[in-house]
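Visitor: Could you have a look at this structure, given as structure tokens, before my questions?
The values are calculated or read from the model by the stated rules, or taken from the named source; none is laboratory data. Worth saying up front: this structure is predicted, and the values here are computed from it rather than measured. Here the Cβ positions follow ideal geometry from the backbone for every residue, glycine too, while neighbour counts run over all protein chains shown.
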Amino acid sequence: MTTEIVNTIAKQIAEKILKQPSRVIGADEPLISSGLIDSFSLVDLALFVEDTFGVRIEDSELNAATFDSLSQLAELIRSRQS
Amino acid sequence: MTTFSERLQSHLHQTPERVAVTLQFANLPDLPISYSQLLRGAQGFSASLKKEGIASGEVVLLILRHGEELIYSYFGVIIHGAIPSVMSFLTEKLSPERYRADLSTLISVTRPAAIVTYGEFVDEVREALKGGDSVRAVIVAESVPAEKVNISSWSGLKRKPEDIALLQHSSGTTGLQKGVALSHQAVFNQLDVYSKVLGLNEKDVIVSWLPLYHDMGLIAGFLLPILYGIPLVLMSPFDWVRAPYRLMQSVSKYKGTLSWLPNFAYNFCAQKIRDRHLEGVDLSTWRAVINCSEPVRWESHLAFQEKFQAYGLPENALHSSYAMAENVFAVTQSTLGSKPRVEVIEREAFMMERVVRDANDKASVTVMSSGHALPNVQIKIVDEKGNELPERVIGEIALKSDCMLTGYYNRPDATEKAFVDGWYVTGDYGFISGGEIFVSGRKKDMIIVGGKNVYPQDLEVLSYEVPGVHAGRSVAFGLFDEEQGTEEVVIIAEADSDVEAENQKIAELIRQHVTKNSAIALRHVKVVGPKWILKTSSGKTARSANKEKYLQELGRG
């Protein structure tokens, strides 16, 4: 389940945000603190999560302290789905 | 003529309890600050600068985030008679080593006498200091208490209109070495005229999310309202970029009338705000949303209008301005009350002949005017030799005004280079049509990403630090991205081989390194084999020629 979430978001980030479809994003790779997802794209990520998983990520949560990797984000999503 | 301190004193006497600024924070109640509260906060900082022996006319660097401390310290420096300069705070993604190096660069050129920052950041700042440099005090912002206002202590009241009031820097190694120094007189000459052009009145409320280390934020979104008694609603750029709808909610809540935005923000707001965040929002008071600090796009205005007219955005609210820190701020402004003029011109003539002709039925490009020159600004379009060109011929924009910079601070060499026969040559290309200024491109190599100035040479130097890339063998340039309404940076670097897999790895390292060490997030990197990059006869990298080559390879030339 978590793997599925990770894969779905990884695909979205590589294709839509980075525009490098072949880019592999590791489940524990830093996303925000590394600048891989820049501040202009954080809102895209939040909107995608909301549309795809029916879970809201508040704008004040869009920072590395709340989640900085796909696995952490997937965990956050799962905890809100249940 | 007046000075900042005199103007603040008069607000304190006339309207001490009036709200000067309302600060907004995510998840916290709004914080209204009256003129008297603002100046009590400022008095505390002035006292602490005095205690540290900081003299009138010395530079004080402010390294603070959005918040009360930034505002109090800014005006504390002013009433103390010193010169404030705001440096952006370390962001989540920026490498602390790079930040320190940038800070050292700024200190070595600007020679500030003191730095104001947070307690948690003092060690970081001290790391950047060297024995024998100019910094005599590091003041911890949150430990400075407000004090009872004591106007007789204000050394700022002894400043003369021609004295330097403030410095303004853009980012990166190159930008930090060129602090624009502006006098009190220049700022008031600009703002007196600009406020008339805008028809500023007692019903106006300015709403801004722009950072104070940028001219648009500092002048239009901070000093103009506070010095001219127009209520300001100010939020953090970091909160806005994560929740762009906050701008609309604030305009609605405070009946905002004026805002300034870089072009990308029109696209950003039009694309990324959900209707559920706009429930009950009323934008009918918003009489001017002014597009400046990067090339203005008619398509961006259309997208913004279409998205927000359902929420009451007036028909003629979207405007344009051509602005730069060297002229304090605005050089031109589109006429309020009507839409900025748009011309549909012949693409071929525009690109190849550098002249402007109506397209009629030929392939066309739509260009939007930035309006008329301000009444105190003279503009001419010049050719390579400095000869003035007629209307509808593209050349470099040169200007003259009574609100120009005093100089680049401690950089007489750079100041001298910027002027030719008393005219400031902007490095921007444009043309005049029907008396209005259209900005069409850039002679200088600077890239503007989301309103932020980025110097390609800084990015190229960063790429040389990546193993596998040799000095002098990469090139950076900007490419306009239609969807985002701003430029994206492209870096091309030569590697020793043509092995694709190896070069992919180098590309990824360049992306990571440049992103960690600059203000931008780098996406487009192409690593090529030897001898790809075009050089001029003198061995310099020709950025525009390499951009052409890149576009041709993409089939977009």
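Visitor: So which strands (runs of 3 or more DSSP E) are wholly in segment B:147-257 and hold at least 2 residues that are within 26 Å of B:Glu69 (Cα to Cα) and in contact with a Ser or Thr (Cβ under 6 Å, 6 or more places away or on another chain)?
Guide: Values: elements: B:164-168, B:180-183, B:206-208, B:232-234.
Answer list for segment B:147-257: B:164-168, B:180-183, B:232-234.
Visitor: Among the residues in segment A:68-76, are any of a type in the set (A, V, I, L, M) and either within 12 Å of chain B (Cβ to nearest Cβ) or under 20 Å from B:Leu94 (Cα atoms) (or both)?
Guide: Filtering segment A:68-76 down to residues of a type in the set (A, V, I, L, M) leaves A:70, A:73-74, A:76.
Cutting the leftovers down to either within 12 Å of chain B (Cβ to nearest Cβ) or under 20 Å from B:Leu94 (Cα atoms) (or both) gives us none.
So far as segment A:68-76 goes, no, none of its residues is of a type in the set (A, V, I, L, M) and either within 12 Å of chain B (Cβ to nearest Cβ) or under 20 Å from B:Leu94 (Cα atoms) (or both).
Visitor: If you don't mind, there's one more thing I want to ask. Condition first: away from chain A (no Cβ under 14 Å), part of a helix (DSSP H, G or I) and small (Gly, Ala, Ser). Can you find one or more residues in segment B:13-27 that meet it? Outline the logic, then answer.
Guide: First, pick out the residues of segment B:13-27 that are away from chain A (no Cβ under 14 Å): B:13-23.
Of the ones still in play, those that are also part of a helix (DSSP H, G or I) are B:13-14.
So of that shortlist, the ones also small (Gly, Ala, Ser) come out as none.
No, the conditions are met nowhere in segment B:13-27.
Visitor: Whether any residue in segment B:116-126 is of a type in the set (A, V, I, L, M, F, W, C) and surrounded by 24 or more Cβ atoms within 10 Å (Cβ to Cβ) is what I want to check. Lay out the reasoning, then the answer.
Guide: Within segment B:116-126, the first condition is being of a type in the set (A, V, I, L, M, F, W, C), and the residues that meet it are B:116, B:121-122, B:125.
Filter once more, so that each one left must be surrounded by 24 or more Cβ atoms within 10 Å (Cβ to Cβ): B:116.
Looking through segment B:116-126, at least one residue is of a type in the set (A, V, I, L, M, F, W, C) and surrounded by 24 or more Cβ atoms within 10 Å (Cβ to Cβ).
Visitor: Just wondering, is there one or more residues in segment B:304-321 that are under 30 Å from A:Arg56 (Cα atoms) and in contact with a strand residue (DSSP E or B) (Cβ under 7 Å, 6 or more places away or on another chain)? I'd like the intermediate steps shown before the answer.
Guide: Going through segment B:304-321, the residues under 30 Å from A:Arg56 (Cα atoms) turn out to be B:304-313.
The next check asks that each one be in contact with a strand residue (DSSP E or B) (Cβ under 7 Å, 6 or more places away or on another chain); those that pass are B:304-305.
Checking segment B:304-321: at least one residue is under 30 Å from A:Arg56 (Cα atoms) and in contact with a strand residue (DSSP E or B) (Cβ under 7 Å, 6 or more places away or on another chain).
Yes/no per residue for (1) within 14 Å of chain A (Cβ to nearest Cβ); (2) under 16 Å from the mean Cα position of the chain (by Cα):
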position: B:Leu223; (1), (2): no, yes
position: B:Leu227; (1), (2): no, no
position: B:Leu232; (1), (2): no, no
position: B:Phe238; (1), (2): yes, yes
position: B:Tyr245; (1), (2): yes, no
position: B:Tyr254; (1), (2): no, no
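Visitor: When segment B:358-379 is examined, which residues are found to be closer than 30 Å to B:Gln185 by Cα and assigned to a strand (DSSP E or B)?
Guide: Narrowing segment B:358-379 to residues closer than 30 Å to B:Gln185 by Cα: B:369-379.
Across segment B:358-379, the qualifying residues are B:His372, B:Ala373, B:Val377, B:Gln378, B:Ile379.
Visitor: Sticking with this structure for a sec: Checking B:Lys526 against (1) within 14 Å of chain A (Cβ to nearest Cβ); (2) assigned to a helix (DSSP H, G or I); (3) not acidic (Asp, Glu), which test does it fail?
Guide: Against the list (1) within 14 Å of chain A (Cβ to nearest Cβ); (2) assigned to a helix (DSSP H, G or I); (3) not acidic (Asp, Glu), B:Lys526 comes up short only on (2).
Visitor: Here's something else I'd like to know. Cβ-Cβ below 7 Å, separation at least six or inter-chain, first residue in segment A:61-82 and free of Cβ contacts under 8 Å to residues at least 60 places away in the same chain, second assigned to a loop (DSSP other than H, G, I, E, B) and buried (at least 18 other Cβ atoms within 10 Å of the Cβ): which pairs?
Guide: A:Asn63/A:Ile32; A:Ala64/A:Ile32; A:Asp68/A:Leu31; A:Asp68/A:Ile32; A:Ser69/A:Leu31; A:Leu76/A:Phe67
Visitor: A further question follows. Restricting attention to segment B:298-357, report how many residues are among the aliphatic types (A, V, I, L, M), assigned to a loop (DSSP other than H, G, I, E, B) and under 30 Å from B:Tyr409 (Cβ atoms).
Guide: Looking only at segment B:298-357, we keep the residues that are among the aliphatic types (A, V, I, L, M), and these are B:302-303, B:310, B:313, B:317-318, B:323-325, B:328, B:330-331, B:336, B:342, B:344-345, B:349, B:351-352, B:355-356.
Cutting the leftovers down to assigned to a loop (DSSP other than H, G, I, E, B) gives us B:313, B:317, B:324, B:328, B:331, B:336, B:356.
Subsequent filtering for residues that are under 30 Å from B:Tyr409 (Cβ atoms) retains B:324, B:328, B:331.
Residues meeting the conditions: 3.
Visitor: Out of segment B:470-491, which residues are out of contact with any His (no Cβ under 9 Å at 6 or more places or on another chain), crowded, with 23+ Cβ neighbours inside 10 Å and farther than 18 Å from B:Pro295 by Cα?
Guide: Once the filter is applied, which keeps residues that are out of contact with any His (no Cβ under 9 Å at 6 or more places or on another chain), crowded, with 23+ Cβ neighbours inside 10 Å and farther than 18 Å from B:Pro295 by Cα, segment B:470-491 yields B:Ser474, B:Val475, B:Ala476.
Visitor: Could you pull out the residue among A:Glu50, A:Glu4, A:Glu15 that is within 21 Å of B:Leu522 (Cα to Cα), acidic (Asp, Glu) and in a helix (DSSP H, G or I)?
Guide: Values: A:Glu50 fails: within 21 Å of B:Leu522 (Cα to Cα); A:Glu4 fails: within 21 Å of B:Leu522 (Cα to Cα).
Result: A:Glu15 is the single residue among A:Glu50, A:Glu4, A:Glu15 that is within 21 Å of B:Leu522 (Cα to Cα), acidic (Asp, Glu) and in a helix (DSSP H, G or I).
Visitor: Next question, about the same structure. Among (1) out of contact with any Asp or Glu (no Cβ under 8 Å at 6 or more places or on another chain); (2) within 30 Å of B:Val355 (Cα to Cα); (3) in contact (Cβ under 8 Å) with a residue 12 or more places away in the chain; (4) more than 14 Å from chain A (Cβ to nearest Cβ), which single condition is B:Tyr455 missing?
Guide: (1)
Visitor: Between a residue in segment B:508-522 that is within 8 Å of chain A (Cβ to nearest Cβ) and any residue that is assigned to a loop (DSSP other than H, G, I, E, B) and among the β-branched types (Val, Ile, Thr), which pairs come within a Cβ distance under 9 Å, given they are 6 or more apart or on different chains?
Guide: What qualifies is B:Gln512/B:Val466; B:Ala521/A:Ile37.
Visitor: Buried (at least 23 other Cβ atoms within 10 Å of the Cβ), among the β-branched types (Val, Ile, Thr) and touching a residue at least 12 places away in the same chain (Cβ under 8 Å), is that true of B:Ile219? Steps first, answer last, please.
Guide: Values: buried (at least 23 other Cβ atoms within 10 Å of the Cβ): yes; among the β-branched types (Val, Ile, Thr): yes; touching a residue at least 12 places away in the same chain (Cβ under 8 Å): yes.
Against the criterion (buried (at least 23 other Cβ atoms within 10 Å of the Cβ), among the β-branched types (Val, Ile, Thr) and touching a residue at least 12 places away in the same chain (Cβ under 8 Å)), B:Ile219 qualifies.
Visitor: For segment B:1-56: of the residues being polar (S, T, N, Q) and closer than 28 Å to B:Leu247 by Cβ, which is surrounded by the fewest Cβ atoms within 10 Å (Cβ to Cβ)?
Guide: The initial filter retains those residues of segment B:1-56 that are polar (S, T, N, Q), namely B:2-3, B:5, B:9-10, B:14-15, B:22, B:24, B:27, B:34, B:36-37, B:43, B:46, B:48, B:56.
Filter again for closer than 28 Å to B:Leu247 by Cβ, leaving B:15, B:22, B:24, B:27, B:34, B:37.
Numbers: B:Thr15: 14, B:Thr22: 19, B:Gln24: 22, B:Asn27: 8, B:Ser34: 17, B:Gln37: 20.
Filtering segment B:1-56 for residues that are polar (S, T, N, Q) and closer than 28 Å to B:Leu247 by Cβ, the one surrounded by the fewest Cβ atoms within 10 Å (Cβ to Cβ) comes out as B:Asn27.
Visitor: Output the residue which, of all residues in segment B:98-125 that are of a type in the set (D, E, K, R) and over 24 Å from B:Asp413 (Cα atoms), is farthest from the other protein chains (Cβ to nearest Cβ). Let's see the steps before the verdict.
Guide: First pass over segment B:98-125, keeping only residues of a type in the set (D, E, K, R): B:98, B:100, B:102, B:111, B:120, B:123-124.
Narrowing further to those that are over 24 Å from B:Asp413 (Cα atoms): B:98, B:100, B:120, B:123-124.
Numbers: B:Arg98: 12, B:Arg100: 17, B:Glu120: 14, B:Asp123: 20, B:Glu124: 16 Å.
Checking each candidate, the answer is B:Asp123.
Visitor: Residue under question is B:Arg543, and the condition is that it be at pLDDT below 95 and either under 30 Å from B:Ala323 (Cα atoms) or in contact with an Asp or Glu (Cβ under 6 Å, 6 or more places away or on another chain) (or both); does it hold?
Guide: Spelling it out, B:Arg543 is indeed at pLDDT below 95 and either under 30 Å from B:Ala323 (Cα atoms) or in contact with an Asp or Glu (Cβ under 6 Å, 6 or more places away or on another chain) (or both).
Visitor: Ok, one more. Could we say that B:Ser95 is polar (S, T, N, Q) and either surrounded by fewer than 19 Cβ atoms within 10 Å (Cβ to Cβ) or within 14 Å of another protein chain (Cβ to nearest Cβ) (or both) here?
Guide: On the way: polar (S, T, N, Q): yes; either surrounded by fewer than 19 Cβ atoms within 10 Å (Cβ to Cβ) or within 14 Å of another protein chain (Cβ to nearest Cβ) (or both): yes.
Answer is yes for this residue.
Visitor: Can you spot a residue in segment B:131-143 that is farther than 30 Å from B:Ile520 by Cα, in contact with a Gly (Cβ under 6 Å, 6 or more places away or on another chain) and surrounded by 15 or more Cβ atoms within 10 Å (Cβ to Cβ)?
Guide: No.
Visitor: Is it the case that A:Ser39 is farther than 25 Å from B:Phe238 by Cβ, within 11 Å of chain B (Cβ to nearest Cβ), more than 10 Å from the chain's Cα centre (by Cα) and of a type in the set (Gly, Ala, Ser)? Quick ask: steps written out before the conclusion?
Guide: Working: farther than 25 Å from B:Phe238 by Cβ: no; within 11 Å of chain B (Cβ to nearest Cβ): yes; more than 10 Å from the chain's Cα centre (by Cα): yes; of a type in the set (Gly, Ala, Ser): yes.
Against the criterion (farther than 25 Å from B:Phe238 by Cβ, within 11 Å of chain B (Cβ to nearest Cβ), more than 10 Å from the chain's Cα centre (by Cα) and of a type in the set (Gly, Ala, Ser)), A:Ser39 does not qualify.
Visitor: Does A:Lys11 satisfy the condition of being at pLDDT below 95 and surrounded by fewer than 21 Cβ atoms within 10 Å (Cβ to Cβ)?
Guide: Details: at pLDDT below 95: no; surrounded by fewer than 21 Cβ atoms within 10 Å (Cβ to Cβ): yes.
No; evaluated as a whole, the condition is false for this residue.
Visitor: Mind checking which pairs have a first residue in segment B:134-163 that is under 26 Å from B:Gln190 (Cβ atoms) and a second that is of a type in the set (Gly, Ala, Ser) and surrounded by fewer than 19 Cβ atoms within 10 Å (Cβ to Cβ), Cβ under 9 Å, 6 or more apart or different chains?
Guide: B:Ser155/B:Ala55; B:Ser155/B:Ser56; B:Gly156/B:Ser56; B:Lys158/B:Ser56; B:Arg159/B:Ser56; B:Arg159/B:Gly57; B:Asp163/B:Ser56; B:Asp163/B:Gly57
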